[in-house]
1. Take V146 and tell me if it is β-branched (V, I, T), out of contact with any His (no Cβ under 7 Å at 6 or more places or on another chain) and modelled with pLDDT under 90.
2. Looking only at strands (runs of 3 or more DSSP E) that fall completely inside the stretch 17-84, which ones have 1 or more residues that are touching a Phe, Trp or Tyr at 6+ places or on another chain (Cβ under 7 Å) and at pLDDT 50 or above?
Amino acid sequence: MGPKADARVRCAGGCGTFTRYLPGIPFMELGKHGVGDVCPPSSVGWTMAKIILAEDDGDMRRFLVKALQNAGYDVISFDNGLSAYQRLREEPFELLLTDIVMPEMDGIELARRASELDPDIKIMFITGFAAVALNSDSAAPKNAKVLSKPVHLRELVNEVHKMLAA
């Protein structure tokens, strides 16, 4: 059995130290990736979950990719739904993270087609349009998660962790 997940962290305000035990994460290194960062799963013998991201806003796409890669995920990104769909046809992914409103193929159509290719793929939508809602008449997969922009990167990573763990 490997070392327990044990991290001692001193907060900048001098409020003390704590020990954090994380189930399912066999090792945590401080200093290598930064205080409190979990070593990517590949560095401890796990395989990284593969995420495909479709987001037409270049800056948002770069932020999302960096946050997810820093959390240990293997991320492939595209600036439109059609390109993402073509990649989904080539290889399996555990999670599709997609904007809803995009050129060439919107996120709902992409998610519908992705679910046809792989019924087990998990789907998360991100959208900046509050009026765009997934209702029962929508063609979107029923178990999809929706996050509204602006989304905090920590919240996104936490939601991705939850979805992939379910």
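1. yes
2. 50-54
The values are calculated or read from the model by the stated rules, or taken from the named source; none is laboratory data. Computed from a predicted model, the values in this text were never measured in an experiment. Don't worry about glycine lacking a Cβ; one is built from the backbone with ideal geometry, like all the others, and counts go over all protein chains shown.
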